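First the structure, in the form of structure tokens, and then the observations on it.
The values are calculated or read from the model by the stated rules, or taken from the named source; none is laboratory data. Nothing here was measured: the structure is a model prediction, and the numbers come from that model. Every residue, glycine among them, receives a Cβ derived from its backbone with ideal geometry; neighbour counts consider all protein chains shown.
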Amino acid sequence: MPSEAPNRDRQALERLIVHIAAAINVRALYSGAHPRVAQAVQSILDDLTAALAGRESVTLFIVGDDLIADDRPLRRSGIYQQNFVQALRRRRVERLTLVRGLEAAECLQFVSVMAAGATPGSTAHMIVGGVEFAVADGVGAAAVEAKESAPISSEQVAAGQEAFARFRTDRKGSLQKMEEVVWSLMETLARSAHDVIALAPLKSHDEYTFVHSVNVSLLVLAQARSFGIQGQVLHALGLAALCHDVGKLSVPLDVLNRPGKLEGDDWRVMQSHAEVGAWQLAALDEAPPLSVVVAYEHHLRYDGQPTYPVLRRPRRPALASQLTALADTFDAISTLRPYQAPHARPVALDILKKRAGTFLDPLLVGNFHRLAAAQTG
């Protein structure tokens, strides 16, 4: 059929885009000499060979939120293509031309610079076009601007505290308040030109549960924005993240704040918070289904190995749950807790890296590392 060849060409281009986005996230997670990075780069080269199909080059254009390949719009093939578009836009890259003969070293240089949050330069077989490629101290302007964080106000923290305080007695009113908090957090992040990893201030141990939930919501919103997710879908993700630990409001404070490793009945009570939170949200007609899913799944492992809640049939958690699990882990490690001193951000990022592929999705971890690199530049 005459339409088969164009369809094959388009599919090859879409695979190429997805593998470039994946390679950037893998490079953010591993060193340039790591075998997984080499494999990711080779996938790009193989895809480019298939995508060229007798041509000498292919040019990708960013037009708004869309990706155009040689004047042909590409369908949005999942979050990784959107992630790639957003990454290029943040670096003010409007055009990327890939030329036959692209070498692994050139490709590695491109994904390494992108993973570091900087603006890539052109090479013989990878030509970058855009506007205002200002450079400061050898780092792309996008990386410099990304250092600017979006501070979380004391009013937003207070609103989060009020929402959680109401959940025990007025769950419907509490959920409405949480929805307002998420819209406020979205507005805060939108004031930044780039995705940031902003955290709310923690003043005392008593505030930990709700401030942790605000932080997790912020981190999920930042991750989701980096994949081009906006509007109501973004709000639904942020709300689900904010509600992920509501089950802990039913855990006795002496168990919740007990120092050291929990064992026996105390550990079983703590583990129950995922199921309890899901049941509590499911009982609310106003609760979005995604919030119920995330409350239940946020401790499930990416690789499907046993954890809690115990499943009859192991499964991979939903994307929203995976985003929340990553944010939950990062904030739990890097924030002061009633029973644990905080770790420095590099330590927290290293722990995420060690859990990639088991507890956490490695591509999401790589993307998170890239966001952190762009902010600290």
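Can you tell me which of Ser213, Ser174, Ser192, Ser184 is at pLDDT 85 or above and either part of a loop (DSSP other than H, G, I, E, B) or touching a Cys at 6+ places or on another chain (Cβ under 9 Å) (or both)?
Residue meeting the stated conditions: Ser213.
Checking the structure you have, find out if any residue of segment 249-268 is of a type in the set (A, V, I, L, M) and at pLDDT 90 or above. No. Here Ile197 fulfils each of the conditions (1) of a type outside the set (Gly, Ala, Ser); (2) modelled with pLDDT of 80 or more; (3) closer than 17 Å to Ser334 by Cα apart from (2). Going residue by residue through segment 49-61, is there one that turns out to be in contact (Cβ under 8 Å) with a residue 12 or more places away in the chain, of a type in the set (Asp, Glu) and farther than 20 Å from Ala12 by Cα? Looking for residues that are in contact (Cβ under 8 Å) with a residue 12 or more places away in the chain, of a type in the set (Asp, Glu) and farther than 20 Å from Ala12 by Cα, one finds none in segment 49-61, hence no. Of the residues making up segment 292-314, those that are free of Cβ contacts under 8 Å to residues at least 24 places away in the same chain and among the basic types (Lys, Arg) are Arg312, Arg313.
Could you list all residues from segment 221-261 that are part of a loop (DSSP other than H, G, I, E, B) and on the phi < 0 side of the Ramachandran plot? Within segment 221-261, Phe227, Ile229, Gln230, Cys243, His244, Asp245, Val251, Pro252, Asn257, Arg258, Pro259, Lys261 meet the criteria.
Residues in segment 330-368 that are assigned to a loop (DSSP other than H, G, I, E, B) and either closer than 19 Å to Ala116 by Cα or modelled with pLDDT under 90 (or both): Thr335, Leu336, Pro338, Tyr339, Ala341, Pro342, His343, Ala344.
Among the residues of segment 146-164, is there at least one that is in a loop (DSSP other than H, G, I, E, B) and modelled with pLDDT of 85 or more?
For segment 146-164, residues in a loop (DSSP other than H, G, I, E, B) and modelled with pLDDT of 85 or more: absent.
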